[in-house]
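In what follows, a single structure is set out as C-alpha cells and then discussed.
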Amino acid sequence: MVPRVVSRGILVIGICSLLWWTFRPLRGSHAVFTEPLQTIDLLSPTSDNGRKTPELYASRAAHDLCSIHGYSAFIPKSPSSERKVYDMLMINDELDFLEIRLNALYDYVDYFIIVESAKTFQANSKPIILKENWDRFRRYHDKIIYHELTFPSTFDPHRAWDYEDLQRDAPFDQVMLSLVGPRAPNKGDVLIVADVDEIPRPQTLLVLRYCKFPRRLTLSSKFYYYSFQFLHTGPEWQHPQATYYQGHRTLKPTNLRNGDGGFRPFRFLERGVLSNSGWHCSSCFPTIDQFLNKMASFSHRWMNREEYRDKDKIAAAVREGKDLWGREQDQFVRIENNKDMPPLVLEEPKRFGYMISRDGPSAGFVDYNGKEKRQYSI
C-alpha cells in the first residue's frame, strides 16, 4: 500500500501539472513577420522550381522561416509528396473581395474550394452571383473548385445558424471528401477556413505550408471596418483558422471556427495563435445595396431591423467610421495613407477607392448620391 503522504504528493503534482498545461502560454502564439525575408525568397509558393520537394522541407530556409515563428519544419510522410494548401470559403456577393483574395493567394494556395448557396442564412432565395460572373475569374479557374450548396434531405433547420453551419462545412463534407487524383487531400495537408473577406497574408501561407503548426491555429488578423481607412481599436480579429487533414479525424470547418469538436480535454492543448496573419475588412462594400443585402443575410436577425436600413444613416456611419449598430466594443481609429493592404488594392487604388477612403458625400458608395450629409447618431 502506498503511504498516504506519498499519495497526496502525487495528487498535488498531478494537479499542478494539469494547471500548468491549462494556463501555460499557448504553443505557436507568435506574429507573422511582414518584412521581406531572405529565407522566404528561397522557398517556392506552389512549385519547387526544379528542386526536389524533400530538399525544400529540409532546407535551411524552411528551418529558419519556421524557427522565427516558433515552429519546427514540417516533414512530409512520403519523400515524393508535397504538402498542399486548401483555402475553404463560402461566398455571398463579395466578388471584389474574392478577386482581391485570389490575386493575393493564387501563388501560395493549391486549391480554392468555394461554396455558393442559392439561399441566404434566413432561408430566402438569392441569385448565384459567382456562377453568373464566372468568366471574371478566368485566370484563376485552374485552382478553383466551385460547388453550389446542396441541401441534404435530412437537413432540418431550426435557426439561422443551421444554414450558415451547413454552408461552412460544405467545402469539407460536400467537396473535399469526394476529390480524387492529384486534387485529393493527403494527411498533413493544410486547410484554411475563412470568410471571403478574411484574407491571410502570403507570408502566412508559407508558414502554414512549411511548418508544423498546432491543430487549432487561429490566424488573427488586422480588423478594419468599412474600408482600410478604419482600424478596430480592440484585439485583432480572431479569424480565419487553419488545421491539417487527418482523414476521418479532421476537424470540420464549423468546429474549427467555433473552437469545439474533437476531444474536449485536449482542445486547449491543440490551440495556437499566429497574430498579424492577415486582413479582415468587414462591410467593405462598393454599394449600399450590397450593404443591405448583407444585413438581410445576417444570422443575427436584430441587425436587419428597419431602423438600421436607412441609406442616409448607413452612409453617415460609414463616412465617419462608426458602428451602425452602436456597439460599444466596436470603436475604430482613422488611418491616413494606409499601406498595409492586400496587393491588388495597393496596385489599383482608383478601382478600389472605396476600400481606401470613405471621405466625401457619397461615402464611397457608387449607388448613393450623397445629398444627405447629416452626422451619424444612434
field: First in the range 197-215 and without any contact (Cβ under 8 Å) to a residue 60 or more places away in the chain, second anywhere and of a type in the set (S, T, N, Q), Cβ under 8 Å, 6 or more apart
entry: ARG215/THR243
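Can you tell me which residue within the range 248-263, out of those that are part of a loop (DSSP other than H, G, I, E, B) and modelled with pLDDT of 90 or more, is farthest from TYR354 (Cα to Cα)? Walk me through how you get there before you give the answer.
We begin by selecting, within the range 248-263, every residue part of a loop (DSSP other than H, G, I, E, B); these are 250-252, 259-263.
From what is left, the residues that are modelled with pLDDT of 90 or more are 250-252, 259.
Working: THR250: 39, LEU251: 37, LYS252: 35, GLY259: 34 Å.
Among them, the one singled out is THR250.
Is it fair to say ASN124 is in contact (Cβ under 8 Å) with a residue 40 or more places away in the chain, over 27 Å from LEU219 (Cβ atoms), polar (S, T, N, Q) and surrounded by fewer than 22 Cβ atoms within 10 Å (Cβ to Cβ)?
Working: in contact (Cβ under 8 Å) with a residue 40 or more places away in the chain: yes; over 27 Å from LEU219 (Cβ atoms): yes; polar (S, T, N, Q): yes; surrounded by fewer than 22 Cβ atoms within 10 Å (Cβ to Cβ): yes.
Yes.
Kindly evaluate LEU102 against the criterion of being among the hydrophobic types (A, V, I, L, M, F, W, C), farther than 23 Å from HIS248 by Cβ and part of a helix (DSSP H, G or I).
Details: among the hydrophobic types (A, V, I, L, M, F, W, C): yes; farther than 23 Å from HIS248 by Cβ: yes; part of a helix (DSSP H, G or I): yes.
Taking the combined requirement at face value, the residue satisfies it.
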message: For the range 212-247, give me each residue that is part of a strand (DSSP E or B) and over 30 Å from VAL318 (Cβ atoms).
response: LYS212, ARG216, LEU217, ALA242, THR243, TYR244
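Yes or no, residue by residue, for (1) out of contact with any Lys or Arg (no Cβ under 6 Å at 6 or more places or on another chain); (2) free of Cβ contacts under 8 Å to residues at least 40 places away in the same chain:
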| position | (1), (2) |
| --- | --- |
| VAL273 | yes, no |
| PHE298 | yes, no |
| VAL318 | no, no |
| GLU328 | yes, yes |
| ARG334 | yes, no |
| VAL345 | yes, no |
| PHE352 | yes, no |
message: Scan the range 70-80 and tell me whether some residue there is within 21 Å of the chain's Cα centre (by Cα) and part of a strand (DSSP E or B).
response: no
Set LEU149, LEU166: member being in contact with a strand residue (DSSP E or B) (Cβ under 6 Å, 6 or more places away or on another chain), under 24 Å from ASN255 (Cβ atoms) and surrounded by 16 or more Cβ atoms within 10 Å (Cβ to Cβ): LEU149
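The values are calculated or read from the model by the stated rules, or taken from the named source; none is laboratory data. In this text, all values refer to a predicted model and were calculated from it rather than measured experimentally. Cβ sites come from the backbone with ideal geometry, for glycine too, and all protein chains shown count toward neighbours.
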